[in-house]
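Undergrad: First, the structure itself, so that you have it in front of you.
The values are calculated or read from the model by the stated rules, or taken from the named source; none is laboratory data. Computed from a prediction, not measured in an experiment: that's the story for all the values here. Please note: Cβ atoms are built from the backbone with ideal geometry, for glycine as well, and neighbour counts cover all protein chains shown.
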Amino acid sequence: MAGLVLFDTNILIDWSKGYAEALTELAHWDNPAISVISWMELYAGANVADVPRFDEFMADFGFEIIEIDAEIMQAAAALMSERRRSGPRIGLPDAIIQATADVKNLIIITRNKKDFTGRNVRVPYELKTTTTVSVVNINPPGSTPIPHGVAKPTVKRSK
């Protein structure tokens, strides 16, 4: 697809974790870009061993890294001020990324529906978190069960 698009950090992290959906989304766009904020977040969170892999990834996909200028700073400050009044609040890194997309008239590709809003936001997929439940037998067979909500009796010993 033609046109510059702005990828949020979470899509890049998903790629680094091997999520096929992230690779599919990245491969779909001809002109990917990231904010310098996403670049910093990606590299700051990387293990030293991952840095060459990230360098290769950035070069292979041809990411344009968009620097922060005065117009983006003003838009980010205005967005944070507006969200502080009307909610939901947005942190500085995400405000800069949103402002970058707004100022440059770009689509943001992200999974973060909480912080990024507007017509220029694309959420290509979601991750569903599942939890595993472990049962611990706290009253093994042969023990005296203690009903839920009842304190364990204290035994006073006489001297």
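Undergrad: Starting from residues that are under 17 Å from the mean Cα position of the chain (by Cα) and outside any helix (DSSP H, G or I), keep the ones in the range 75-104 and report whichever is farthest from SER35 (Cα to Cα).
TA: Among residues in the range 75-104 that are under 17 Å from the mean Cα position of the chain (by Cα) and outside any helix (DSSP H, G or I), the one farthest from SER35 (Cα to Cα) is PRO88.
Undergrad: Of all residues being loosely packed, with under 15 Cβ neighbours inside 10 Å and either out of contact with any helix residue (DSSP H, G or I) (no Cβ under 8 Å at 6 or more places or on another chain) or in a loop (DSSP other than H, G, I, E, B) (or both) in the range 28-45, which is modelled with the highest pLDDT? Just the residue, please.
TA: Among residues in the range 28-45 that are loosely packed, with under 15 Cβ neighbours inside 10 Å and either out of contact with any helix residue (DSSP H, G or I) (no Cβ under 8 Å at 6 or more places or on another chain) or in a loop (DSSP other than H, G, I, E, B) (or both), the one modelled with the highest pLDDT is ASN31.
Undergrad: For the range 1-27, what are the residues that are of a type in the set (Val, Ile, Thr) and either outside any helix (DSSP H, G or I) or surrounded by fewer than 16 Cβ atoms within 10 Å (Cβ to Cβ) (or both)?
TA: VAL5, THR24
Undergrad: Moving on. Test each condition in (1) free of Cβ contacts under 8 Å to residues at least 60 places away in the same chain; (2) part of a loop (DSSP other than H, G, I, E, B) for ILE72 and report the one that comes out false.
TA: (2)
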